[in-house]
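Taking it in order: structure first as structure tokens, then the write-up.
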Amino acid sequence: MNDLLIQNTTSFFEKSFGSKPEKVVLSPGRINIIGEHIDYNDGFVLPAAIDKVICFAFEKNNSKKSKIFAIDLNEEFEIDLTQEVKLSDIVWTNYIRGVIKQLQDKGFEFDGFNCVFSSNIPVGSGLSSSAALECGMIFGIKQLFDLKIEKLDIALLGQKAEHWVGINCGIMDQFSSVHGLENKVIKLDCNTLDFEYHNADFKDYSLVLFDSNVKHSLFTSEYNTRRIECEKGLSIIKENFSEVKSFRDCSEEQLLSIQDKMDATVFKRVHFVVKEINRVIKACEALDKGDIELLGQLLFETHHGLSQEYEVSCDELDMLVDTAKADENVVGSRVMGGGFGGCTINLIKKGHENEVKRKFSNLYLNTFGIELKFYDVKVSNGTTLL
Ligand code: GAF
């Protein structure tokens with residue numbers, strides 16, 4: 001599926017710089033089966049890398065300047081590695097500036113390079129194109145200059161770059177982009193960063209993403225607000241229960257017993273978090289047992305919480321999930337990723353994918369006047385050197 005992307009990226013590189021790239025890197029986007037807004041709340045998440053990727057081609061250029069070309073945007077920028085790295089008005093360049101800054105701040109030494117990249121990860125659809133950009137760039141620089149950076153550090157540096165750009169994200173996206181494995185989902189403990197792989201075997205069901213084509217206009221500000229609300233909630237829980245160190249130690253009963261000590265909005269947020277952490281554990285067990293109907297039921301429950309308590313859904317996404325609930329060929333559906341637009345993740349009975357797609361497509365167009373897009377994603381490897 002990515003052969004054409006690789007061919008276009010490398011031939012563009014050759015035309016631009018007159019030489020073959022020294023390193024070619026693929027960096028994937030991710031899905032998340034369940035465990036949304038849980039990474040920065042120290043719970044468990046169940047993501048996987050997918051076969052939608054950014055392809056990068058690199059060479060050293062024996063200078064102190066780097067030239068980076070985004071093929072899909074037809075835009076280029078140059079960065080002087082001897083100067084202090086600053087944020088720019090051109091947003092996409094900030095993820096790369098951020099990465100260079102984080103590497104320099106950590107004391108990694110590298111010189112100038114030429115790079116071109118092209119992507120088939122839809123932007124703003126909740127598939128983590130920014131994490132793929134950060135991690136692919138770090139991985140490429142590591143390969144080019146033979147830097148000693150472990151996989152986990154690539155993810156952590158990528159996360160820091162994203163914070164620098166302005167989104168106080170958790171570790172899930174960068175972690176899965178780097179640690180993905182073909183046909184495996186990653187059960188990641190976001191408290192300890194321990195992880196295990198589980199088979200991504202959905203039995204008689206296919207994973208299909210529905211892209212609402214609604215872009216995340218509220219994403220950055222609301223995302224950062226959710227983090228602050230959860231921190232407030234956790235500190236109230238800790239004041240009342242000294243044994244609770246993080247959300248995972250708090251039972252729903254404990255939380256309900258102190259509901260009146262919290263602002264109503266904060267309560268809704270943390271109620272979702274406590275329930276979602278438990279759902280991830282149940283969902284992973286259901287997946288291991290091949291009980292995809294139960295897994296699907298948990299996805300519906302997650303959506304309900306994300307919509308009503310965490311309030312990161314929107315009319316378009318709610319309509320897609322409500323329609324899925326009433327459709328006998330869809331056993332699970334929910335908004336995936338940060339929310340406020342982007343994709344739903346759906347479990348559709350094999351053999352009925354086309355009929356379901358047709359139905360949703362017509363209904364969505366008639367209701368909102370927006371075209372619904374579909375992605376049949378494969379669970380794939382993390383960042384790779386070709
Ligand atoms: C975004 C963030 F980048 C992740 O860290 C995660 O919090 C996700 O939203 C919600 O689960 O993708």
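The values are calculated or read from the model by the stated rules, or taken from the named source; none is laboratory data. Note that the structure is predicted; figures quoted are calculated from it, not measured. For neighbour counting, all protein chains shown are included, and Cβ atoms are generated from backbone atoms with ideal geometry for every residue, glycine included.
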(Q) Checking Gly339 against (1) more than 16 Å from the ligand (Cβ to nearest atom); (2) in contact with a Leu (Cβ under 7 Å, 6 or more places away or on another chain): exactly one of these is not met. Which one? (A) (1)
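Each row is one residue, and each column tells you yes or no for (1) out of contact with any His (no Cβ under 7 Å at 6 or more places or on another chain); (2) exposed (fewer than 13 other Cβ atoms within 10 Å of the Cβ); (3) hydroxyl-bearing (Ser, Thr, Tyr).
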{"residue": "Phe210", "(1), (2), (3)": "yes, no, no"}
{"residue": "His216", "(1), (2), (3)": "yes, no, no"}
{"residue": "Tyr223", "(1), (2), (3)": "yes, no, yes"}
{"residue": "Arg227", "(1), (2), (3)": "yes, no, no"}
{"residue": "Asp249", "(1), (2), (3)": "yes, no, no"}
{"residue": "Asp263", "(1), (2), (3)": "yes, yes, no"}
(Q) Being surrounded by 17 or more Cβ atoms within 10 Å (Cβ to Cβ) and without any contact (Cβ under 8 Å) to a residue 60 or more places away in the chain is the requirement here; does Gln143 meet it? (A) no
Q.
Can you list the strands (runs of 3 or more DSSP E) lying wholly within region 21-139 that have 1 or more residues being within 16 Å of the ligand (Cβ to nearest atom) and among the acidic types (Asp, Glu)?
A. none
Q | In region 140-158, the residues that are touching a Lys or Arg at 6+ places or on another chain (Cβ under 9 Å) and within 15 Å of the ligand (Cβ to nearest atom) | A | Leu157
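Does region 247-256 hold any residues that are touching a residue at least 40 places away in the same chain (Cβ under 8 Å) and of a type in the set (D, E, K, R), and which are they? Talk me through it step by step, then tell me what you get.
Looking only at region 247-256, we keep the residues that are touching a residue at least 40 places away in the same chain (Cβ under 8 Å), and these are 247-248.
The answer is Arg248, and nothing else.
Residues are listed down the side, and each one gets a yes or a no for (1) in contact (Cβ under 8 Å) with a residue 12 or more places away in the chain; (2) out of contact with any strand residue (DSSP E or B) (no Cβ under 7 Å at 6 or more places or on another chain):
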site	(1), (2)
Ile258	yes, yes
Lys268	yes, yes
Arg279	yes, yes
Lys289	no, yes
Thr302	yes, no
Q.
Any residue that is out of contact with any Gly (no Cβ under 6 Å at 6 or more places or on another chain) and surrounded by fewer than 23 Cβ atoms within 10 Å (Cβ to Cβ) - is there at least one of those in region 43-57?
A. yes
**Q.** Selection from region 78-91 of residues that are touching a strand residue (DSSP E or B) at 6+ places or on another chain (Cβ under 6 Å) and of a type outside the set (D, E, K, R)
**A.** Ile79
Q. Which of (1) over 18 Å from the mean Cα position of the chain (by Cα); (2) under 21 Å from Leu127 (Cα atoms); (3) among the aliphatic types (A, V, I, L, M); (4) surrounded by 19 or more Cβ atoms within 10 Å (Cβ to Cβ) does Ile370 not meet, given it meets every other one?
A. (4)
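Can you find, within region 159-185, the residue that is farthest from the ligand (Cβ to nearest atom) among those that are among the β-branched types (Val, Ile, Thr) and not in a helix (DSSP H, G or I)? Lay out the reasoning, then the answer.
To start, the set of residues in region 159-185 that are among the β-branched types (Val, Ile, Thr) comprises 165, 167, 171, 178, 185.
So of that shortlist, the ones also not in a helix (DSSP H, G or I) come out as 167, 171, 185.
Numbers: Ile167: 6, Ile171: 7, Val185: 14 Å.
Here the answer is Val185.
Would you mind stating whether Asp201 is of a type in the set (Asp, Glu) and without any contact (Cβ under 8 Å) to a residue 24 or more places away in the chain? Even if it seems obvious, please write down each step before you answer.
Working: of a type in the set (Asp, Glu): yes; without any contact (Cβ under 8 Å) to a residue 24 or more places away in the chain: no.
Here the answer is no, as Asp201 does not meet what is asked.
Here is a check on your reading of the model: is Thr225 without any contact (Cβ under 8 Å) to a residue 24 or more places away in the chain, in the same structural domain as Phe139 (by TED's automatic domain parsing) and not small (Gly, Ala, Ser)?
No: the conditions fail for Thr225.
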